[in-house]
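Visitor: Encoded as structure tokens, here's the structure I'll be asking about.
Please treat every number below as a calculation from the coordinates, not as lab data. Worth saying up front: this structure is predicted, and the values here are computed from it rather than measured. Ideal geometry is used to build each Cβ from the backbone, glycine not excepted, and the neighbour counts take in all protein chains shown.
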Amino acid sequence: MNSDTNKPQWVIQAEQYLDRAYDHYERDEYDQALEACDAALELDPDLADAHNVRGVVLETLGNRLDALKAYEQAIRIDSDLVEARENLADLKAELATPGRLVTIATFESLA
């Protein structure tokens, strides 16, 4: 019996977007991966795996602050999501490395 038959259509669609996000990420298509994550989360904001993958993509794109937030959101939703916990720990360790400067924000004007 197919487990998808018991799921609402919006859950199935969210999981399909998540699968696309994985595929795009593996092909180094980071903008498309991010779009697929966002589409999945629009349908199911509580899809912890999508928050985690979004964090991975954002980190790859150099947006570490938003990646950190995405990992934390994934863990808030599913505290047992090992991948998100590992990703968060690794990123925090990287950010805490002495002597390493990381851009967390840029501004066009000082006003």
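Visitor: Fewest Cβ neighbours within 10 Å first, please rank Thr97, Thr106 accordingly.
Guide: By the 10 Å Cβ count, ascending: Thr106, Thr97.
Visitor: Which residue, chosen from Thr97, Val53, Trp10, occupies the Cα position most advanced towards the positive end of the dipole of segment 5-111, where the dipole is computed from +1 (Lys, Arg) and -1 (Asp, Glu) charges on Cβ about the Cα centre?
Guide: Highest projection toward the positive end goes to Thr97.
Visitor: Further question: Could you compute the FRET efficiency for Glu29 and Lys69, with r as their C-beta to C-beta distance and R0 at 30 Å, rounded to 0.05?
Guide: So the FRET efficiency works out to roughly 0.85.
Visitor: So, how do all the Cα-to-Cα distances of the chain break down into 10 Å bins, in percent, from 0 on up?
Guide: Bins of 10 Å from zero give 15, 39, 31, 12, 3, 1, 0 percent of pairs.
Visitor: Report the GluC sites (Glu not before Pro) located in segment 19-66 that are in a DSSP loop and have at most 16 other Cβ atoms inside 10 Å of their Cβ, or state none.
Guide: Glu29
Visitor: Can I ask one more? Compute the FRET efficiency between Thr97 and Glu42 as 1/(1 + (r/R0)^6), taking r as their Cβ-Cβ distance and R0 = 25 Å, and round to the nearest 0.05.
Guide: The calculated FRET efficiency here is 0.10.
Visitor: Sticking with this structure for a sec: Just the number: Rg to Rh for segment 26-67, Cα atoms, Kirkwood Rh, two decimals.
Guide: When Rh is taken as the Kirkwood radius, the ratio is 0.95.
Visitor: Let me ask something else. Given Cβ point charges of +1 (Lys, Arg) and -1 (Asp, Glu) and nothing else, what value in debye, to the nearest 20, does the dipole of the chain about its Cα centre take?
Guide: About 420 debye.
Visitor: To continue, here is another question. Evaluate the distance, in nm, between pseudo-label points positioned 7 Å from the Cα of Thr106 and of Arg85 along their respective Cα→Cβ axes.
Guide: Between Thr106 and Arg85, the simple spin-label model gives 3.6 nm.
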